[in-house]
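So the structure is just underneath, and the comments pick up after that.
Coordinate-derived values only; no laboratory data. Small disclaimer: the values here were computed from a predicted structure and weren't measured. Reconstructed Cβ throughout: ideal geometry from the backbone, glycine too, with neighbour counts over all protein chains shown.
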Amino acid sequence: SRNGLVFVMTLVASLITACSLPGSPKGTPKQVFVLQGEQAAWTAGVVSRPCLSLRVSRPESAPGFNTVRMAYRTEPNRMDYFAYHEWVATPARMMASLMEARLDASGMFGAIVAGSSDIRTDMRLDSELLTLQQEFSEETSAVSLAVKISLIDVSGPSLIGSRTFSYRVSAEERNAEAGVVAANQAAEQLLDDMAEFISTNLSPIECPRQDSND
């Protein structure tokens, strides 16, 4: 019938479009990836403030990135998503989890909590994922990662420091899998730079001295 023919033609056109995406496999199931970063404790000149507690707040995402869909770009001012590749959680949530784990391992704070619990802390770490996407040119591709981080003194409240970290890491191949590897490399750089940034901002803060006679 004519309706059946239209349906078949539409389905074929959709499959052709999906398979034409950069790096998308043909006839394979959807693949799910995790954003990872080296979780070893950052110890080079670390500033320890055991008297302070920190909350890693719920992260924000720029428009277009609050999704598990894996973003890519082939031309300026246009965002697309891979058809068969996605993240296990939104990039912002994965980055916030990596930040919490890195700071917990560093020993900079006496206690670290995450999310929006009622537990009061001395400081708060806010973050916003501005971009995480693979950018394709004619022969190469690279991953761009940008995250804004703000350290806030909750008692004020007052802003202690804020910075936007931006990275561009070349991918070895023009496919989504290579993009994930590059994204993980960018995440590792971010974790190192974030730890150094927070350590620098903690340096002027002194813990109250304990009276040994008390």
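Ranking SER141, ASN77, GLY115 by how far each Cα lies toward the positive end of the dipole of region 57-196 (charges on Cβ) leaves GLY115 at the top. Model label sites at THR74 and ASP118, defined 7 Å from Cα along the beta-carbon direction, differ in position by 5.3 nm. Rounded, prolate or oblate: which fits region 60-119, taking a ≥ b ≥ c as square roots of the Cα gyration tensor eigenvalues, rounded meaning a/c under 1.5, else prolate when a/b beats b/c? Because a/c hits 1.5 or more and a/b exceeds b/c, region 60-119 counts as prolate. Our coupling estimate for region 55-66, obtained by passing each phi through the Karplus curve with A = 6.51, B = -1.76, C = 1.60 and θ = phi - 60°, is 10, 8, 6, 4, x, 9, 9, 5, x, x, 10, 8 Hz, Gly and Pro reported as x.
First measure r as the distance between the Cβ atoms of ALA62 and SER162, then evaluate 1/(1 + (r/R0)^6) with R0 = 22 Å and state the FRET efficiency to the nearest 0.05.
Numbers: r = 16 Å, r/R0 = 0.72.
Efficiency for this residue pair is about 0.90.
Once backbone amide H atoms are built at 1.01 Å from N, PHE109 has ARG49 as its partners under 5 Å, excluding neighbours fewer than 5 places away on the same chain. Based on Cα contacts under 8 Å between residues 6+ apart, region 32-151 shows a relative contact order of 36 percent.
Less than 5 angstrom separates the built amide H of GLU135 from those of ARG73, ALA142, VAL143, SER144, all sequence-distant by 5 or more or on a different chain. Relative to the Cα centre, the charge distribution of region 139-188, modelled as +1 at Lys and Arg Cβ and -1 at Asp and Glu Cβ, gives a dipole magnitude of about 280 debye. Put a plus charge on the Cβ of each Lys and Arg, a minus charge on the Cβ of each Asp and Glu, and nothing anywhere else: the dipole of region 85-214 about its Cα centre is then about 280 debye. Among DSSP bridges having both ends in region 39-166, what percentage is antiparallel? Round to the nearest 5. Just about 65 percent of them are antiparallel.
Stretched out fully, how many nm does the piece from GLN36 to GLU196 gain, at 0.36 nm a residue minus the Cα gap?
My answer for the length gained is 55.7 nm.
Full extension from THR140 to SER170: what is 0.36 nm times the residue separation minus their Cα-Cα distance, to one decimal in nm?
On the way: separation 30, 0.36 × 30 = 10.80 nm, distance 0.79 nm.
Taking THR140 through SER170 to full extension adds about 10.0 nm, to one decimal.
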